[in-house]
Amino acid sequence: MSQADMQADVNQADKSLVYPPSPKVDQVDNYHGVQVSDPYRWLEDPDSDESRQWIEAQNQVTFTYLNDIPARESLKQRLTQLWNYEKYGIPFKRENRYFYFKNDGLQNQSVLYTLPELDAEPRVLLDPNTLSEDGTVALSGLAISEDAKLMAYGLSTSGSDWQEWKVRDVEMGEDLPDHLKWIKFSGADWTLDGKGFFYSRYDEPNEATKLEDINYYQKLYFHQLGTSQAEDVLIYERPDEKNWMFGGEVTEDGNYLVILVSQGTDPRNLVFWKDLRNPETPVVELINSFEAKFSLIDSEGTVFWFETDLDAPRSRVIAIDIANPARENWQEVIPQADETLMGANILNHQFVAFYLKDAYTQVKVFDLNGTFIREVELPGIGSAGGFGGKRHDTETFYSFTSFTTPTTIYRYDMVSGESSVFRQPTVDFNPDEYETKQVFYASKDGTRVPMFITHKKGLELNGNNPTYLYGYGGFNISLTPSFSPSNIVWLELGGVFAVPNLRGGGEYGEEWHQAGTKLNKQNVFDDFIAAAEWLIEHQYTSLKKLAIAGGSNGGLLVGACMTQRPDLFGAALPAVGVMDMLRFHKFTIGWAWCSDYGSPENLEEFQALYAYSPLHNLKPETGYPATLITTADHDDRVVPAHSFKFAAALQEAHVGNNPVLIRIETKAGHGAGKPTAKVIEEISDRWAFLVRSLDIQSP
């Protein structure tokens, strides 16, 4: 980026903006005796004429502003250059056939390949790029039959959570007549004989309002291959429990269907089972109270192995014999460790267990009695995933990545314990020029919180470095090191990339998660604010050079922190955020988030929600940081009304020259399956916005 581009950005920064009008309505709601106005309620209908006009007008202002930033085009060119490298998914095997995903570089969607041997010529099995001209139809689910002859797969359009599932003959590469609809938040699992699969769906919604209507009463079905969806067999439903959701898993021996019952995003679940050898047998309740998380690992005969946080907040492995299911007969196989157990699989008749140690991956191997065998030697401190396969497999594959290491795929020999590179991408940058360190800082209440910091080697701690502070802090989700071409562009600008592991995540187990939920949610914001203060105190950056960002629950994080401490940040980028904490539960799957947020229907939880809800805590005549809100008009996870209403209220409350803009993507959703072209466009806008807002000079 040229010095002239940078200086032009600075010269443009003080131009005043005229925001589109956002009419108010006289809408007041009573919450436990508290009168709360909601003047932008009309924006909850994204398809009304008024909303469409507002969206168009907002985008006109936003894109006029962004397109006027000289640095934007050079940023887009560099992003495109960096993004253009081969990206491989982790191979997996069924029977005598391998499968893997690959993206040549700039393809909008990754392509699924299959091959009989690893050194054979791969064949395209499914290319989602051929399903739409603009890449907005994405593969969103996949299940291969045990004999590798059939593939059930789900497609979503324009980023919607709604899926349609089809079946493809693997050898012929052609679709069968099977076509299933109204599926959401579900995978599929085949019976051992390949005659059909289990999946979960909702009743057919209202076509006009399907992207906003609340989702209740999921049901578990069995689809017999070659029949219509109308003939699918209802396996389990609970008309008395509208919040219950079902996931059906077939055990490796094919004898049992294990039904994991959840309530939205609450990690605690129930476990039921059904004997598939006799279709007339009833569903049996094995674990029938929501007291802990139970994830099925595998089974042997009537013994089921689970990863669970029951009496172990950092999780352990237990064995339950369904023939003797009383709790006193449960056996601990792998006890809780100092690190957090994130999951396990069985390969080569051994447990392969994933742990997090201070938010980076460790992988350990145990025998089936729980005796430690060895730790898998990973390439460094980062994030590993994979190690999938069947119990008898002696080979498996895993991925490894870090903030400056592009995702590399390794083959792992379960017998020798040796790793070998299977696919390693070449990216147009030098990782040796950068470094990542992990620091620990004290939050407001003294809690010790870890944070990863990545930047160019030799960075001068002069308080003048543009810094991008990214966080999430919720739903038991852990932020671990990962590579993104977009972040390399930021580092090349001389930027610092900081990722704190806030409470509410899963980095230190269920206690860490619960410490950032419901009445404890303010801890998450305190952790994030403390991270910002630490970076400033230690001369990484300054108030004017610090940007905060996050998406979804992380968008809420940014919204809450910028309203609580508008003086602390130079810029804020809340993406697809949950901004209205009093009405989030009234749309699509929002009710499911009450396990983390609490419910406005509860007085005490309402008081906590109202105290930090970004929409309700904007103060008139306040100068807020330069803000770029991003959302999508087809987001049916966090409906765009959250961002729409927040943008309207922010533009009304804000004073000063800092721009407060909303960028509304069309034909896109919450983020999953977004075409590469749209991703690059959005990131180019993000970095261009920060170049101007933080007054970034040419490195």
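The values are calculated or read from the model by the stated rules, or taken from the named source; none is laboratory data. This one's a predicted model, so the numbers in the text were calculated from it and none came from an experiment. Cβ atoms come from the backbone with ideal geometry, glycine included; neighbour counts cover every protein chain shown. Heavy atoms of the whole protein, side chains included, go into the accessibility calculation; ligands, DNA and RNA do not. Shrake-Rupley method; radii C 1.70, N 1.55, O 1.52, S 1.80 Å.
General remarks:
- PHE246 meets the stated requirement of being under 18 Å from ALA152 (Cβ atoms), at pLDDT 95 or above and open to solvent by less than 20 Å² (accessible area, probe 1.4 Å).
- Test: residue in the range 274-287 that is under 27 Å from the mean Cα position of the chain (by Cα) and surrounded by 19 or more Cβ atoms within 10 Å (Cβ to Cβ): no
- Taking (1) open to solvent by 30 Å² or more (accessible area, probe 1.4 Å); (2) in contact (Cβ under 8 Å) with a residue 60 or more places away in the chain; (3) under 22 Å from VAL233 (Cβ atoms); (4) not aromatic (Phe, Trp, Tyr) in turn, HIS179 satisfies each apart from (2).
- Meets criteria (without any contact (Cβ under 8 Å) to a residue 60 or more places away in the chain, over 17 Å from ASN96 (Cα atoms) and basic (Lys, Arg)) for LYS149: no
- Restricted to the range 128-163, and to residues there that are modelled with pLDDT under 95 and among the charged types (D, E, K, R), the residue that is farthest from ASP104 (Cα to Cα) is ASP161.
- The set of residues in the range 573-599 that are farther than 24 Å from TYR202 by Cβ and either in contact with a strand residue (DSSP E or B) (Cβ under 9 Å, 6 or more places away or on another chain) or part of a helix (DSSP H, G or I) (or both) comprises LEU573, PRO574, ALA575, GLY577, MET579, LEU582.
- GLU285 vs. criteria out of contact with any strand residue (DSSP E or B) (no Cβ under 9 Å at 6 or more places or on another chain), among the acidic types (Asp, Glu) and at negative phi: no
- Considering residues of the range 383-405 that are at positive phi and touching a residue at least 60 places away in the same chain (Cβ under 8 Å) only, the residue nearest to the chain's Cα centre (by Cα): GLY386
- Scanning the range 111-136 for residues that are open to solvent by less than 50 Å² (accessible area, probe 1.4 Å) and touching a residue at least 24 places away in the same chain (Cβ under 8 Å) yields LEU112, THR114, LEU118, LEU125, LEU126, PRO128, SER132, GLY135, THR136.
- VAL333 under 26 Å from the mean Cα position of the chain (by Cα) and modelled with pLDDT of 95 or more: no
- Any hit, the range 230-242, residues being in a strand (DSSP E or B), of a type outside the set (Lys, Arg) and touching an Asp or Glu at 6+ places or on another chain (Cβ under 9 Å): no
- You will find that of SER299, SER315, the residue that is of a type outside the set (Lys, Arg) and on the phi > 0 side of the Ramachandran plot is SER315 and no other.
- Residues satisfying the stated conditions in the range 555-568, i.e. open to solvent by less than 10 Å² (accessible area, probe 1.4 Å) and either touching a Lys or Arg at 6+ places or on another chain (Cβ under 9 Å) or within 19 Å of HIS616 (Cβ to Cβ) (or both): GLY555, LEU556, LEU557, VAL558, GLY559, ALA560, CYS561, MET562, THR563
- Lone unmet requirement of (1) open to solvent by 30 Å² or more (accessible area, probe 1.4 Å); (2) part of a loop (DSSP other than H, G, I, E, B); (3) modelled with pLDDT under 95; (4) not β-branched (Val, Ile, Thr) for ALA677: (2)
- Filtering the range 524-539 to residues that are surrounded by fewer than 23 Cβ atoms within 10 Å (Cβ to Cβ) and not aliphatic (A, V, I, L, M) leaves ASP526, GLU533, TRP534, GLU537, HIS538, GLN539.
- Listing of strands (runs of 3 or more DSSP E) fully contained in the range 439-517 that carry 2 or more residues being of a type in the set (A, V, I, L, M, F, W, C) and surrounded by 18 or more Cβ atoms within 10 Å (Cβ to Cβ): 448-456, 496-500
- Those residues of the range 203-227 which are among the basic types (Lys, Arg) and either at pLDDT below 95 or not in a strand (DSSP E or B) (or both), in sequence order: LYS210
- Listed by position, the strands (runs of 3 or more DSSP E) inside the range 347-403 whose residues that are surrounded by fewer than 16 Cβ atoms within 10 Å (Cβ to Cβ) and not hydrophobic (A, V, I, L, M, F, W, C) number at least 1 are 350-357, 360-367, 372-375, 395-402.
- Given (1) loosely packed, with under 14 Cβ neighbours inside 10 Å; (2) within 29 Å of the chain's Cα centre (by Cα); (3) among the hydrophobic types (A, V, I, L, M, F, W, C); (4) within 17 Å of LEU126 (Cβ to Cβ), number of the condition ALA208 does not satisfy: (4)
- Inspection of the range 406-429 identifies at least one residue that is touching a residue at least 12 places away in the same chain (Cβ under 8 Å), out of contact with any Asp or Glu (no Cβ under 7 Å at 6 or more places or on another chain) and basic (Lys, Arg).
- Verdict on PHE429 being of a type outside the set (Asp, Glu) and assigned to a strand (DSSP E or B): no
- For the range 62-105, the candidate set comprises residues that are touching a strand residue (DSSP E or B) at 6+ places or on another chain (Cβ under 7 Å) and among the β-branched types (Val, Ile, Thr); within that set, the residue that is surrounded by the most Cβ atoms within 10 Å (Cβ to Cβ) is THR62.
- Among the conditions (1) within 22 Å of LYS357 (Cβ to Cβ); (2) among the aliphatic types (A, V, I, L, M); (3) touching a helix residue (DSSP H, G or I) at 6+ places or on another chain (Cβ under 6 Å), the only one that ILE488 does not satisfy is (1).
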